[in-house]
Amino acid sequence: MIKIEAITLEEAYKEASSKLNCSITELKIEVVQSPSKGILGLFKKNAIIVVAKEPKEKEDIEKISEADPEIQDNTTHTVLNDTIMPASFVSTQDEDDDTRYEPVYADDVYEEDDVKETIDAIALEVKENINRLFALICFDIDEIEVSTYDENTLLVEFKGEDAALLIGKEGYRYKALSYMIFNWINTKYQIQLRLEIAEFLQNQEESISRYLVGVCEGIDRDGRAQTKILDGVLVQIALKELRDRYPEKYVAIRSTRDGMKYIIINDYHN
């Protein structure tokens, strides 16, 4: 079994066929990572496959076993579709079986002595890449700061003379940037995002906190309440604050027929 990395799946298949000296039809292939072009040349992914030559006849496996006593002693065989295959290729393999290959997972980086990146190291990498990406825009902004907000969240801050222009009317640019950056770092690093542009997020949080004072009074008095229609980032800020304050209650986002968002708060049995 070998691992192949190439720009496209087709090139990976050809390289595997060449290395194993057989036809592509004789290969047992697992696609670990599909190729991706990325955005503006960033976040590009190559195709990664794990390949083994699939024996056509029982004699092929017997020859392998004879050549390697360890395989002969330790490898059982399973019949699938009239083809005898080593049990190490079968999904029903005992979890306690010892294999000579490391497990392979999609989107992993395969390096010897691979060490899991800390969130501080991720912050440095994201900072370098995001500044390269935004170096081409026409707005006058300072270097984008990326730091650790908590153990599972990055804080990305845009500052500078034109930073407020990245917010857009009613925050539409802010929402677009937040969506783009979140999908990048969450997909690649499995972490969360806190995006601050010219104190926009801080101001929104303060505004929602003032509004929720009356909502919380209604909850404390009646045991339930409903917010007004909240747009974009506001509904997420309000949802987090209400869930933190009322962990014992049912707090959820609801949508109108027009797709507008609001939050309901009540007891679980209601």
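The values are calculated or read from the model by the stated rules, or taken from the named source; none is laboratory data. Treat the numbers as computed from the prediction; the structure is a model and nothing was measured. Positions of Cβ are backbone-derived with ideal geometry, glycine not excepted, and every protein chain shown enters the neighbour counts.
A few remarks follow.
- Residue that is farthest from residue 169 (Cα to Cα) [pool: residues in segment 201-243 that are at pLDDT 90 or above and not in a helix (DSSP H, G or I)]: 223
- Test result for residue 156, part of a helix (DSSP H, G or I), at pLDDT 90 or above and β-branched (Val, Ile, Thr): no
- Odd one out for residue 265, checked against (1) in a helix (DSSP H, G or I); (2) of a type in the set (A, V, I, L, M, F, W, C); (3) over 24 Å from residue 159 (Cα atoms): (1)
- Residue count, segment 117-135 (criterion: without any contact (Cβ under 8 Å) to a residue 12 or more places away in the chain and outside any helix (DSSP H, G or I)): 2
- Where residue 261 falls short, out of the listed (1) in contact with a strand residue (DSSP E or B) (Cβ under 9 Å, 6 or more places away or on another chain); (2) over 24 Å from residue 197 (Cβ atoms): (2)
- Flag for residue 198 being modelled with pLDDT of 90 or more, of a type outside the set (Ser, Thr, Tyr), surrounded by 14 or more Cβ atoms within 10 Å (Cβ to Cβ) and at positive phi: yes
- Residue 175 being basic (Lys, Arg) and either surrounded by fewer than 12 Cβ atoms within 10 Å (Cβ to Cβ) or farther than 19 Å from residue 163 by Cα (or both): no
- Residue check for residue 149: at pLDDT below 90, assigned to a strand (DSSP E or B), over 18 Å from the mean Cα position of the chain (by Cα) and not assigned by TED's automatic domain parsing to the domain that holds residue 231: yes
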